[in-house]
1. Cross-link partners among aspartates and glutamates for K664, C-alpha distance below 19 Å, same-chain residues fewer than 8 apart left out?
2. Suppose every K and R has +1 on its Cβ and every D and E has -1 on its Cβ; what is the size of the dipole of region 66-168 about the Cα centre, in Debye to the nearest 20?
3. Once the Cβ-Cβ distance between N398 and M69 is put in as r, and R0 is 41 Å, what FRET efficiency do you end up with, to the nearest 0.05?
4. Tell me which lysines have Cα within less than 17 Å of K172's Cα, excluding those fewer than 8 residues away on the same chain?
5. Shape of region 613-671 from its Cα gyration tensor (a ≥ b ≥ c, root eigenvalues): rounded if a/c is under 1.5, otherwise prolate when a/b > b/c, or oblate?
6. Pop a pseudo-label 7 angstrom from the Cα along the beta-carbon direction at both N316 and K170 and give the gap in nm to one decimal.
7. Taking 8 Å as the Cα distance limit and 6 or more residues as the minimum spacing, I'd like the relative contact order of region 613-671 as a percentage.
8. Once Lys and Arg get +1 and Asp and Glu get -1 on their Cβ, which of T500, N440, A551 lies farthest toward the positive end of the dipole of region 401-600?
Amino acid sequence: MIESNKVKKILYGGDYNPEQWPEDTWEEDMRLLKLAHIDTVTLNVFSWAMLQPAEDIYCFDKLDKIMEMVTRHGMKVCLATSTGAHPAWMARKYPDILRVDEHGLRRKFGSRHNSCPNSPTYRKYAVALATKLAKRYQSYDNIVAWHVSNEYGGECYCENCERAFRKWLKDKYQTIEAVNEAWDTAFWGHTFYDFEDIVVPNMLSEHFGQNDRTNFQGISLDYKRFNSESILNAYRLEYDALHAVTPDIPITTNLMGTYQPLDYQMWAKYMDFISWDNYPAYNATPEEAAMRHDLMRGLKQGKPWALMEQTPSVTNWHPYNALKRPGVMRLWSYQAVAHGADTVMFFQMKRSIGACEKYHGAVIDHAGHENTRVFREVASLGAELEKIGSLTLGARSNAKAAIVFDWDNWWATDYSAGPTVRLKYCDEIFHYYKAFSNLNISVDLISVEDDLTPYSLVIAPVLYMVKPGHDERIRQFVKAGGRFVTTFFSGYVNDHDLVTVGGYPGKLRDILGIWVEEEDALPEDMHNSFTWQGTSYPAVLLCDLLHTEGAEALCTYEHDFYAGMPVLTRNHFGQGYAYYVATCSNTEFYHRFVGDLCTESGITPILHTREHIEVTERTNDNGTFLFLLNHGTQSHTVTLNRAGVDLLTDREYQTGDNLILAAKDVAIIRTAL
Ligand code: GLA
Ligand code: ZN
């Protein structure tokens with residue numbers, strides 16, 4: 001992760017905003033944080049107003065004092081650039097930094113993450129601030145990372161963006177004719193004669209609903225790409241400014257997991273390491289958090305990453321901000337580590353007294369002392385992480401199975417008018433992910449560009465859009481002996497969302513050996529069924545009506561006019577097999593199907609356990625670490641398939657020994673290499 005000789009253990013700490021407090025409280029904060037074994041503070045996340053109180057005035061006095069103090073106390077620093085919210089004077093003087101929303105309304109000063117990414121003013125002053133910070137604090141060797149801005153997101157539809165969009169299109173398509181072709185503008189007489197005719201797609205032009213429906217998928221998709229790239233470019237300007245001054249300090253920005261507006265796979269190319277903020281809802285399942293962790297890990301081909309934020313106890317912004325029950329903060333922290341995190345960080349070190357986050361959990365509560373449940377839990381986890389030291393740092397998962405996750409496909413399926421509003425891309429990915437997770441089998445979430453050769457099984461649910469070259473990589477993978485699976489609503493369109501004519505699933509047709517003739521979208525109260533290996537499963541959401549063209553049908557629909565048509569097919573292609581799942585089914589089906597695929601592919605579970613016990617594995621030069629996490633409410637016995645020592649209790653185990661894991665408890669068994 002943070003590949004630096006400054007990092008010798010799982011960094012422990014998080015967002016700390018002493019500038020919001022009187023200076024005479026700071027030393028007590030330090031005492032408390034050290035008592036909790038906190039070793040890293042993320043500073044300066046929202047301080048632009050303090051650092052640049054007027055256009056020509058910069059003032060670093062307070063940040064100097066904070067840096068000096070935390071350094072004196074031996075803390076490491078994750079130093080933010082503060083560009084996540086611009087100062088009020090800037091908005092008053094340069095309204096071009098204010099975003100314009102989907103209704104064409106220019107925002108006023110307020111909120112955060114509020115700057116237009118294409119505003120020359122924003123870019124100029126963000127870069128200036130990043131440069132000044134890098135120059136001023138470059139000699140601090142306790143800065144372990146730069147944290148650019150904060151949780152980038154949203155979109156802007158202002159004139160700056162409109163102009164930049166036209167330029168982006170010119171660079172991409174060269175001629176207006178090529179744009180017309182890519183967007184199929186002959187439809188509804190939308191032909192553009194000049195790049196100047198093009199306007200941003202929003203509620204004033206092509207969009208409707210909640211700005212999430214569109215008349216022209218091609219235009220809207222390109223705007224998604226453009227918006228994600230615009231914000232990325234603003235980040236990259238700061239990246240370059242920081243890197244020029246401090247080339248040895250790694251640079252990141254905190255991502256948000258399954259965040260739809262930004263193509264994190266493209267972003268990852270410009271980040272030195274991935275960091276992300278994990279805020280599961282109180283009733284989220286362990287597999288949901290696990291999938292996001294693995295998605296973030298996949299952004300850099302399995303490299304360890306940083307848990308930049310999580311709450312020690314409670315959020316303020318969920319509809320119901322239930323407390324993390326005793327032990328859950330520790331369990332979820334280790335879950336992140338189990339999936340590749342090399343840090344455990346919180347938002348936040350200390351609760352503010354005002355504004356919307358005053359009831360958000362913190363290490364130091366409003367009570368102001370260490371005698372709280374949350375403080376005790378944080379301190380005890382801190383002591384454990386100190387004990388683990390550097391052992392797990394850099395360890396990787398080495399999965400043999402992968403699930404393809406693609407932002408363009410997410411955008412395109414969300415924008416698609418038809419076949420059903422019930423199709424949710426992430427849900428379809430999750431059905432398969434959950435099966436792997438429950439089978440205790442490691443799986444990577446990979447992009448359409450990633451190398452397939454490390455895997456023997458690749459599943460691409462709803463691969464609706466097949467980008468240039470992707471089908472050929474899949475073809476080669478299967479030919480060479482891989483097992484590939486895709487599902488309904490796959491292979492329909494190219495990267496402009498234009499249908500590949502000649503029969504679905506388009507470019508995947510020869511690999512799968514099928515032709516999909518029609519697709520039946522079932523409302524919630526309708527379902528079909530199929531029987532596979534003696535068990536009956538429901539067919540819901542979408543049912544493809546398909547013909548085999550070389551593939552064998554493994555089971556068929558049981559009802560309606562398409563009873564007897566294939567549901568599950570398998571095509572022997574080259575040395576490998578390509579499977580097609582024509583419908584959406586239930587957890588039992590995915591569990592069984594993925595289990596069978598893994599057996600066929602020679603992929604075995606890390607360990608067999610009861611329900612509620614999550615199992616993962618990470619390996620580095622220090623050995624293999626088996627993570628056992630009990631998400632249930634009762635203790636369970638786990639029979640170990642290897643000998644090793646529990647990093648947390650120092651207990652030694654032999655192969656076949658039983659380990660009793662209490663509810664919410666964790667074991668990390670190290671097997672030396
Ligand atoms: C996000 C932000 C933080 C804070 C937390 C609250 O992750 O990055 O600044 O607002 O949410 O949960
Ligand atoms: Zn804008």
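1. Answer for K664, where 19 Å is the Cα cut-off: E287, E288, E377, E384, E611, E614, E617, D646, D650, listed by chain and number.
2. Working: 17 positive and 9 negative charges, 75 e Å.
Once rounded to the nearest 20, the dipole reads 360 debye.
3. Details: r = 42 Å, r/R0 = 1.03.
Working from the Cβ atoms, E equals 0.45.
4. K224, K467
5. On the way: a/c = 1.96, a/b = 1.48, b/c = 1.33.
Since a/c reaches 1.5 and a/b is larger than b/c, the shape of region 613-671 is classed as prolate.
6. Here the modelled spin labels are 4.6 nm apart.
7. Details: 131 pairs, mean separation 23.1, N = 59.
Taking the mean separation of contacting Cα pairs over the length of region 613-671, I get 39 percent.
8. N440
FYI, it's all coordinate maths here, none of it is from the lab. Keep in mind that what you see is a predicted model, and the values were worked out from it rather than measured. Note: ideal-geometry Cβ built from the backbone for every residue, glycine included; neighbour counts use all protein chains shown.
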